[in-house]
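I have placed the structure first, in the form of C-alpha cells, so that the comments after it can refer back to it.
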Amino acid sequence: MKQFPFLPFLLASFCILSSLPSFAAPGNASGFFFDETFVPVYVNKNDVESLTPGDNTQVATESGLGFDTRTTLGYTFSSQFIIGLTYNMYSITTSRDAVNGGLEGLNEKTQKSEYGPTVGYNFGNWRVLLTYFLSSTRQVDRKYVDSTGAATGDTTIKNTNGSGFQAALGYNYALGSHFEIGPSLIYRSVSYSKQAKTNRLNSSEDYDATELSTKALDSGLTPMITIQMRF
C-alpha cells in the first residue's frame, strides 16, 4: 500500500507558507476550535509472491482509493492552549479481478477508527496537538472469488482493545479571523491486544476476541493537510 507522495509537497509548503505574509490571525479571545486533517489514500500494486521458482501464475493488478482523516473539536484559551477530543477514521477498499487459469480475484476493505482526548498549543503560525487514544479498532474484510465468480474465501479479521498516541505538528496560514489552512506532519502509534476472526465459508476457523501473545502494532509518520476553524 502506498500514499500519494505528499512529503515533498509538505516540505515545500512549510518553506513557502512560512515566507508568505499572514493575513489577520485569530485574536486572543477564547472560543471553540475545529480541526480537520486529511489525506487521500491510493493503492495500485501487484506484489503476489510466486509459490515456486519459475511459477507463471497470472495475477491482475490490485487498486483502490480511500481516505485518512483526523477530526478534532475542542476549546481554545487565549487562542493558544487547546483542549478537545479527536476522532480518527481510515478507510480504503481495493480490488483485483480473477484471472482465468491464474490467481483468484480479491475485494479487500480496511477500516481503522480511534478516539481520545487532545491537548495542544498554538505558537505564532505553528501548532502542536497531542492525543491519547482511549479506544482503537482495525478491521480487514477479504473476499476471494474464482474466474466464474464463485466465492473461495470470505474472512474478517478485527483487532480491538487498542491504545496509543498521536502527535501532530503543523503550520497555520490564516485566511481571515476564523479560518486557517496548512500542512501537518502526523506521527501515530497504536497497539492492539486482542483479535477476532470470522470465516464465513469455514466456521471452524472462527474465534472470538482473544489476547494476542504479541500486540499488533500499527504506527507511522504521515504528511497531511489541515483545515482549521476557530469561532
(message) Within segment 79-101, take every residue that is surrounded by fewer than 19 Cβ atoms within 10 Å (Cβ to Cβ) and in contact with a Ser or Thr (Cβ under 6 Å, 6 or more places away or on another chain) and give me the one that is farthest from GLY149 (Cα to Cα).
(response) TYR87
(message) Being touching a Pro at 6+ places or on another chain (Cβ under 9 Å) and farther than 12 Å from TYR187 by Cβ is the filter here; which residues of segment 208-231 pass it?
(response) ILE225, THR226, ARG230
(request) Kindly indicate the residue of segment 175-231 that is in contact (Cβ under 8 Å) with a residue 60 or more places away in the chain and farther than 30 Å from GLY31 by Cα and also surrounded by the fewest Cβ atoms within 10 Å (Cβ to Cβ) among those meeting that condition. (result) ALA216
(message) Considering only residues that are within 17 Å of LEU85 (Cβ to Cβ) and of a type in the set (A, V, I, L, M, F, W, C), which ones fall in segment 129-150?
(response) LEU129, LEU130, PHE133, LEU134
(message) Go through segment 117-126 and report how many residues are within 20 Å of the chain's Cα centre (by Cα) and buried (at least 19 other Cβ atoms within 10 Å of the Cβ).
(response) 1
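Values quoted throughout were computed directly from the atomic coordinates according to the rules given, and no laboratory measurement underlies them. These numbers come from a predicted model, not from an experiment. Every residue, glycine as well, gets a Cβ built from its backbone with ideal geometry; the counts of neighbours run over all protein chains shown.
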